[in-house]
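J.: Submitted below is the structure of interest, expressed as structure tokens.
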Amino acid sequence: MADQEGCVAVKTPENEEKDMVAKSTWNEFVAETKRITYIFLPMLVVTTSQYLLKFVSTLMVGHVGKLNLSGAVVSMSFTNVTGFSVQYGMASALETLCGQAYGAKQYKKLSTYTYGAIIFLLSLCIPVAILWIYMEKLLILIRQDPLISQEAGRFSIWLIPALFSCAVLQPLVCYLQSQYLVLPLLASSVATLAFHAPVCWALVFKFKMGSNGAALAIGLSYCFNAIFLGLYVMYSPKCAATRAPISMEVFSTNKDFLRLGIPSALMVCLEWWAYEVVIFLAGIIKNPQLETSVLSIRQCFSIPLT
């Protein structure tokens, strides 16, 4: 009679095992999604906030004049290609080195790797800064507009403090990120953006520094961010296990840092250079001030989130 009316589902040991496996897999998926979201969302805000520093500066320079905007955009492209992309790429090596050290519970190595990266990047800033001082002549050499080149040269000189600040900032970001300490990064990036907007406005308009004030504001904001994270690393109990004094061991990390940093820098540089080369091409066509200004507006609304 039961066969005629329908089959009654009977739970066998095999079915129960399959249900348990499916439930366990789903729970693991949900837990992993939460972990990824905990890291992804704050870092998304951090990356966007860092980009918005130059976005805000570009918008304010746009109210100064077309020539100022063109010079600032060309300068930002040149400095991205020759300085910031290299620093960002080299610092990416710490994500691997610090991540491996943290996973192996060699906590003191995180500080050692970070100190070594900061020292190396600061030393790299010296030749890059000299290159930026002569940017005007280099831009004219590659057939950029002389007026734009002159404005870009001044802007790049005022941007040199940002170069040195970034050499400290990027390793600190990787140091904290490798320990999953993303909330301090979130707080510092939002605070820096809140600091940058009024400072940039004051330097550009109140003190009448024009585009030079916008460049200086970027440097001050990077410095503010680096100091914020530096104080957190020095005094936070969450960094107590990985905090270590500077020693001669720092210099022995250069080999590992360069082994990973050079390929990382090449990958990042090729990506950034392909994006920035469009600006230089706009500088050699007819009416370069207008073309570079239009491209700068396009760049402002093309926020890279990687």
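The values are calculated or read from the model by the stated rules, or taken from the named source; none is laboratory data. Since the model is a prediction, treat every value here as computed from it, not as a measurement. As a convention, Cβ positions derive from the backbone with ideal geometry for all residues, glycine included, and neighbour counts pool all protein chains shown.
J.: Starting from the stretch 97-114, keep only residues that are under 7 Å from residue 242 (Cα atoms), then list their pairs with residues that are of a type in the set (Ser, Thr, Tyr) and in a helix (DSSP H, G or I) whose Cβ atoms are within a distance under 9 Å, requiring at least 6 positions of separation or different chains.
T.: 110/102; 110/175; 111/175
J.: Considering only residues of the stretch 60-95 that are surrounded by fewer than 17 Cβ atoms within 10 Å (Cβ to Cβ) and assigned to a helix (DSSP H, G or I), which is modelled with the lowest pLDDT?
T.: Just the residues of the stretch 60-95 that are surrounded by fewer than 17 Cβ atoms within 10 Å (Cβ to Cβ), to begin with: 63, 65-66, 95.
Subset that is assigned to a helix (DSSP H, G or I): 66, 95.
On the way: 66: 82, 95: 91.
Step by step, filter the stretch 60-95, then rank; the result is 66.
J.: State all residues of the stretch 172-205 that are closer than 30 Å to residue 244 by Cβ, of a type in the set (Gly, Ala, Ser) and surrounded by fewer than 19 Cβ atoms within 10 Å (Cβ to Cβ); if no residue qualifies, say none.
T.: Quick first cut of the stretch 172-205, residues closer than 30 Å to residue 244 by Cβ only: 172-192, 195.
Filter once more, keeping what is of a type in the set (Gly, Ala, Ser): 178, 187-189, 191.
Within the stretch 172-205, 187, 191 qualify.
J.: Something else now. Would you mind stating whether residue 49 is among the hydroxyl-bearing types (Ser, Thr, Tyr) and touching a residue at least 40 places away in the same chain (Cβ under 8 Å)?
T.: So residue 49 passes the test.
J.: Next up: I'm checking my understanding of the structure. Among residues of the stretch 108-124 that are surrounded by fewer than 18 Cβ atoms within 10 Å (Cβ to Cβ) and at pLDDT 95 or above, which one is nearest to residue 200 (Cα to Cα)?
T.: Keep residues of the stretch 108-124 that are surrounded by fewer than 18 Cβ atoms within 10 Å (Cβ to Cβ), which gives 108, 122-124.
Okay, now just the ones that are also at pLDDT 95 or above, so 122-124.
Details: 122: 25, 123: 28, 124: 27 Å.
Within the stretch 108-124, the match that is nearest to residue 200 (Cα to Cα) is 122.
J.: Follow-up. Kindly check whether there is at least one residue in the stretch 290-305 that is out of contact with any Ser or Thr (no Cβ under 9 Å at 6 or more places or on another chain), assigned to a helix (DSSP H, G or I), at pLDDT below 90 and farther than 23 Å from residue 59 by Cβ.
T.: The answer is no; no qualifying residue exists.
J.: Please find, among 275, 222, the residue that is at pLDDT 95 or above, out of contact with any Pro (no Cβ under 7 Å at 6 or more places or on another chain) and either more than 16 Å from residue 55 (Cα to Cα) or part of a helix (DSSP H, G or I) (or both). It would help to see each step written out before you state the result.
T.: Values: 275 fails: at pLDDT 95 or above.
Unique residue meeting the criteria: 222.
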